1. Identify, from the list Thr150, Thr172, Thr218, the residue that is touching a residue at least 60 places away in the same chain (Cβ under 8 Å) and within 16 Å of the ligand (Cβ to nearest atom).
2. Take segment 187-204 and flag every residue that is away from the ligand (no atom under 12 Å from the Cβ) and not charged (D, E, K, R).
3. When both residues are 6+ apart or on different chains and their Cβ atoms are under 6 Å apart, which pairs have a first residue that lies in segment 177-191 and is within 9 Å of Glu140 (Cα to Cα) and touching a residue at least 40 places away in the same chain (Cβ under 8 Å), and a second that is of a type in the set (D, E, K, R) and away from the ligand (no atom under 16 Å from the Cβ)?
4. How many of the residues making up segment 32-43 are touching a residue at least 24 places away in the same chain (Cβ under 8 Å) and open to solvent by 10 Å² or more (accessible area, probe 1.4 Å)?
5. With respect to Ile24, is the statement that it is open to solvent by less than 10 Å² (accessible area, probe 1.4 Å) and either under 19 Å from the mean Cα position of the chain (by Cα) or within 16 Å of the ligand (Cβ to nearest atom) (or both) true?
6. Return the pair list, or none, for Cβ contacts closer than 6 Å from residues in segment 232-245 that are more than 14 Å from Leu274 (Cβ to Cβ) to residues that are open to solvent by 70 Å² or more (accessible area, probe 1.4 Å), at least 6 apart or on different chains.
7. Based on this model, can you work out whether Ile207 counts as within 16 Å of the ligand (Cβ to nearest atom), under 18 Å from Lys270 (Cβ atoms), part of a helix (DSSP H, G or I) and β-branched (Val, Ile, Thr)?
8. Output the residue which, of all residues in segment 138-192 that are among the hydroxyl-bearing types (Ser, Thr, Tyr) and within 19 Å of Ala37 (Cβ to Cβ), is surrounded by the most Cβ atoms within 10 Å (Cβ to Cβ).
Amino acid sequence: MKVFKFGGASVKDSEAVINIKEIIKREDSNLVIIISAMHKTTNSLEKVWDSYINNDLKGAIHELDKTIDFHKEIYTKLRLSSNLVFLNYFNSLEKSLKAFLHQPPSDNYAYNYDQIVSYGELFSTWIVSNYLEENEVINEWLDARKLISTSSHFQEARVNWEISREKIRVKTNSNSSIFISQGFIGGDANKNTTTLGREGSDYSAAIFAWAIDAEELTIWKDVPGLLNADPKVFKDTHKIDHISYKEAIELSYYGASVIHPKTIKPLQNKSIPLTIKSFINFQK
Ligand code: ASP
């Protein structure tokens with residue numbers, strides 16, 4: 001089984017979601033697919049959180065409605081609007097987040113953050129999973145809050161490796177050959193949602209890969225592969241074809257922001273190869 005990870009840019013609009021389908025259709029192995037929130041959704045939900053903790057309910061709802069509309073536009077373009085099962089669950093996500101916002105904020109701001117910002121990944125994976133299903137890519141949507149078991153250190157939860165492995169293995173042992181789940185989010189022992197830190201979806205993908213002893217992890221990005229530095233900052237970047245786990249850890253800590261630094265260790269522990277591929281030129 002392989003693990004694929006798609007980040008926010010690879011689910012930024014309806015064309016990007018269609019692109020994911022094309023990539024997946026070319027694969028013949030069983031897949032676990034980890035997906036981030038769409039485009040800038042996490043930033044928008046951070047604004048919702050900010051208004052909420054400052055007791056600005058109107059501002060929070062206004063910002064959330066903009067985020068919801070952004071997703072609605074995508075799922076309308078993908079022609080999911082007539083699928084009742086899809087709509088019911090999507091609307092129930094919106095309702096439960098709004099119900100949360102109508103409660104007074106807890107003093108624990110990090111707790112509030114995780115309960116709100118985690119919805120980005122729930123929205124995106126629900127859309128992708130249903131779009132694939134409607135287009136003959138049968139898959140099973142898995143709730144990462146029930147699989148990645150973490151501490152209650154909100155906003156930077158620590159993974160309980162053994163429990164997560166058990167849960168992930170049981171769930172991915174079904175007859176399905178394609179599973180879709182969320183990056184970035186997990187759940188603590190009290191069933192509260194937790195998050196693993198900004199840009200944490202790569203790390204989630206590595207946790208899944210580690211748990212199922214994946215054949216490999218592929219991170220699909222808008223760069224051609226692993227670069228020696230951040231192309232948004234430096235002009236003269238070059239692609240690195242092969243690299244040791246140790247060098248990859250060093251690079252990710254020293255600014256080549258292609259992969260989240262915590263991603264490598266779990267892969268190294270089980271010698272799982274990591275490939276970075278471009279979702280723009282995926283035919284290559
Ligand atoms: N959506 C989260 C973020 O933007 C996690 C991720 O994309 O890796 O930080």
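1. Values: Thr150 fails: touching a residue at least 60 places away in the same chain (Cβ under 8 Å); Thr172 fails: within 16 Å of the ligand (Cβ to nearest atom).
None of the other options fit; the residue is Thr218.
2. Quick first cut of segment 187-204, residues away from the ligand (no atom under 12 Å from the Cβ) only: 187-194.
Of everything in segment 187-204, those that are away from the ligand (no atom under 12 Å from the Cβ) and not charged (D, E, K, R) turn out to be Gly187, Ala189, Asn190, Asn192, Thr193, Thr194.
3. So the pair list comes out as Phe179/Glu140.
4. We begin by selecting, within segment 32-43, every residue touching a residue at least 24 places away in the same chain (Cβ under 8 Å); these are 32-42.
Add one more test, that the residue is open to solvent by 10 Å² or more (accessible area, probe 1.4 Å), and what stays is 36, 39-40, 42.
Of the residues in that region, 4 qualify.
5. Numbers: open to solvent by less than 10 Å² (accessible area, probe 1.4 Å): yes; either under 19 Å from the mean Cα position of the chain (by Cα) or within 16 Å of the ligand (Cβ to nearest atom) (or both): yes.
Here the answer is yes, as Ile24 does meet what is asked.
6. Filtered contacts from segment 232-245: Lys239/Pro224.
7. Numbers: within 16 Å of the ligand (Cβ to nearest atom): yes; under 18 Å from Lys270 (Cβ atoms): yes; part of a helix (DSSP H, G or I): yes; β-branched (Val, Ile, Thr): yes.
Taking the combined requirement at face value, the residue satisfies it.
8. Of the residues in segment 138-192, the ones among the hydroxyl-bearing types (Ser, Thr, Tyr) are 149-152, 164, 172, 174, 176-177, 181.
In the following step, the residues that additionally are within 19 Å of Ala37 (Cβ to Cβ) were identified as 150, 181.
Numbers: Thr150: 26, Ser181: 28.
The residue in question is Ser181.
The values are calculated or read from the model by the stated rules, or taken from the named source; none is laboratory data. All of these numbers come straight from a predicted model, not from anything done at the bench. Positions of Cβ are backbone-derived with ideal geometry, glycine not excepted, and every protein chain shown enters the neighbour counts. Calculation scope for accessible area: heavy atoms of the full protein, side chains included, ligands and nucleic acids excluded. Shrake-Rupley method; radii C 1.70, N 1.55, O 1.52, S 1.80 Å.
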